[in-house]
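S.K.: What follows is a single structure, and I will ask about it in a moment.
We did not get these values from a lab; they are worked out from the coordinates using the rules stated. Note that the coordinates shown come from a computational prediction; the quantities given were computed from them, not determined experimentally. Cβ placement follows ideal geometry from the backbone for every residue including glycine, while neighbour counts extend to all protein chains displayed.
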Amino acid sequence: MTRYFITGGGTGGHIYPAIAIADYLKDDGEIFYVGNPRNLEFDIVKQKGYKFLPVNVRGLPRKACLDLIKWTFLLAIAVIKGVYYILKYKPDVIFGTGGYVSAPVLIAAAILKTPFVMHDCDAQPGLVTRHLSPYAAGVSLAFECAQDYINNENCYITGNPLREGFKTLTKADARRALGLEDKLTLCIMGGSQGAKSINSAAVEILKTLSQKYDMQIIFQTGKKKFSTVEEHLAMCYPEYKSDKNIIIRPYFDDMVSVLKASDIAVSRAGSLSISELCASGIASIFVPYPHAAADHQRKNARFMEQKGAGIYIEDDEITPEILLNTVVGLVDTPDKLQTLQKNALSLAKFNAAFDIVKLINESL
């Protein structure tokens, strides 16, 4: 039986592609997931039932200081642990989705000459991918422009692996699953952590969108920001809890249904979110996180804007008025709305997981 190590964590953009590949590989072998037990990946992997191998690692400090020395020491220990895991469990191949969580075991794989395949989801690949890709058996990328940063001849543009529901779930079934009617639906989300700027602007316009334009709104606030949104809404729209057009939750486990039910979205510009928005044929208004590593969210958003598949608003420019005008502008110009949706759907790569699994198996 083939033994696979899967690694990637910290954010949904690194975790969900890794999980999607694990789900494709599980019938052909044994899965071990290497991640940080203090991160989101631990709970997700536990729910999936995969064996979890912990490594204590964190992101690279932005400034040269005592923290950098400590980080280097912790990384060295994590790499040693990665070496231990590889020697103990003897994986046939390792798949990593980049980011700091995957670094220790991929460095260990390079040291021990264990074949590994990397996937990077951003328009500009991260530090781990750029430095380790020359040693990889293969590299898969979500964006064509990312290829300029990769020094590996076995490199392919596959797109991000998607959960099966993005291929099969219909809009009608998605809306029924959420208790929604068959009418124009807006999704507001700032990633799993939420986005303060998006939340603050959105709260002020929910009543108008629902009452004046009869739009349905699905609003993911982020777990830590939910109470703040509730307090704000209680002041500006006290009746929101009885408004059947509005669903507000800290976090949705079933984002497939949320996105497939939606026509328009207001979103950060993480690569996985973009892939899922494209697969759902959504007209997206991107508000990229301005402090993302290597400014990758802005680059992702610009790429979508250039392809005519999204609208780009800077984080410090997102006000209630601008957000309302942008959403209503799409409602009032159906041709523009449909063009954005069509262009987004044309960028979707539904066979990404299959292509990545093929690359992994070819490295055995």
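S.K.: Pop the C-beta distance of Leu127 and Gln338 into the FRET formula with R0 = 56 Å and round what comes out to the nearest 0.05.
M.R.: For Leu127 and Gln338, the calculated efficiency is 0.90.
S.K.: Moving on to the next point. Report ³J(HN,Hα) in whole Hz for each residue of region 326-331, in order, from the Karplus equation J = 6.51 cos²θ - 1.76 cosθ + 1.60 where θ = phi - 60°; Gly and Pro get x.
M.R.: Going residue by residue, I get 5, 5, 5, x, 6, 4 Hz, with x marking Gly and Pro.
S.K.: Between rounded, prolate and oblate, where does region 29-177 land on the alpha carbon gyration tensor, with a ≥ b ≥ c its root eigenvalues, rounded for a/c under 1.5, else prolate if a/b exceeds b/c?
M.R.: Since a/c reaches 1.5 and a/b is larger than b/c, the shape of region 29-177 is classed as prolate.
S.K.: Round to the nearest 10 and give me the degree value, 0 to 90, for the angle of helix 334-347's Cα axis relative to the longest principal axis of the chain.
M.R.: That helix lies at roughly 10 degrees to the long axis.
S.K.: Still on this structure: Hey, which lysines would be in cross-link range of Lys81, C-alpha to C-alpha under 27 Å, not counting anything within fewer than 8 residues on its own chain?
M.R.: Correct list for Lys81: Lys26, Lys46, Lys48, Lys51, Lys63, Lys70, Lys90, Lys113.
S.K.: Where the only charges are on Cβ atoms (+1 Lys, Arg; -1 Asp, Glu), what is the dipole of the chain about its Cα centre, to the nearest 20 debye?
M.R.: Using Cβ point charges on Lys, Arg, Asp and Glu, the chain gives about 980 debye.
S.K.: Among Val57, Thr339, Ser210, flag the residue with its Cα farthest along the positive direction of the charge dipole of the chain, charges on Cβ as +1 for Lys/Arg and -1 for Asp/Glu.
M.R.: Val57
S.K.: Where does helix 103-112 land angle-wise versus the long Cα axis of the chain, in degrees 0 to 90, nearest 10?
M.R.: Tilt of helix 103-112: around 30 degrees.
S.K.: Sticking with this structure for a sec: In percent, what relative contact order does the chain have, based on Cα pairs under 8 Å that are 6 or more apart in sequence?
M.R.: 16
S.K.: FRET efficiency for Glu317 and Lys51, Cβ-Cβ distance as r, R0 = 56 Å, nearest 0.05?
M.R.: Once rounded, the FRET efficiency stands at 0.75.
S.K.: When a/c is below 1.5 the answer is rounded, else prolate if a/b is larger than b/c, else oblate, so apply that to the chain with a ≥ b ≥ c taken from the square roots of the Cα gyration tensor eigenvalues.
M.R.: prolate
S.K.: Here's something else I'd like to know. Would you work out if region 165-347 is rounded, prolate or oblate? Take a ≥ b ≥ c from the square roots of the eigenvalues of the alpha-carbon gyration tensor; rounded if a/c is under 1.5, else prolate when a/b is larger than b/c, oblate otherwise.
M.R.: Rounded.
S.K.: At 0.36 nm per residue, minus the direct Cα-Cα distance, what do Glu153 and Ala172 gain on full extension? Give it in nm, one decimal, please.
M.R.: Between Glu153 and Ala172, full extension yields 2.5 nm more.
S.K.: With everything on Cα atoms, drop me the angle between helix 66-89 and the longest principal axis of the chain, reported from 0 to 90° to the nearest 10.
M.R.: It is inclined by approximately 70 degrees.
S.K.: Taking amide H positions as placed 1.01 Å from N in the peptide plane, with prolines and chain starts having none, which residues 5 or more places from Glu30, or on another chain, fall under 5 Å of its amide H?
M.R.: Thr2, Arg3, Tyr4
S.K.: Kindly provide the helix-only [θ] at 222 nm of the chain, computed as the sum of -39,500 (n - 2.57) over DSSP H runs of four or more divided by all residues, to the nearest 500 deg cm²/dmol?
M.R.: Taking each H run of at least 4 residues, the total per residue is -13000 deg cm²/dmol.
S.K.: Over region 165-347, what relative contact order in percent results from Cα pairs under 8 Å that are six or more residues apart?
M.R.: 24
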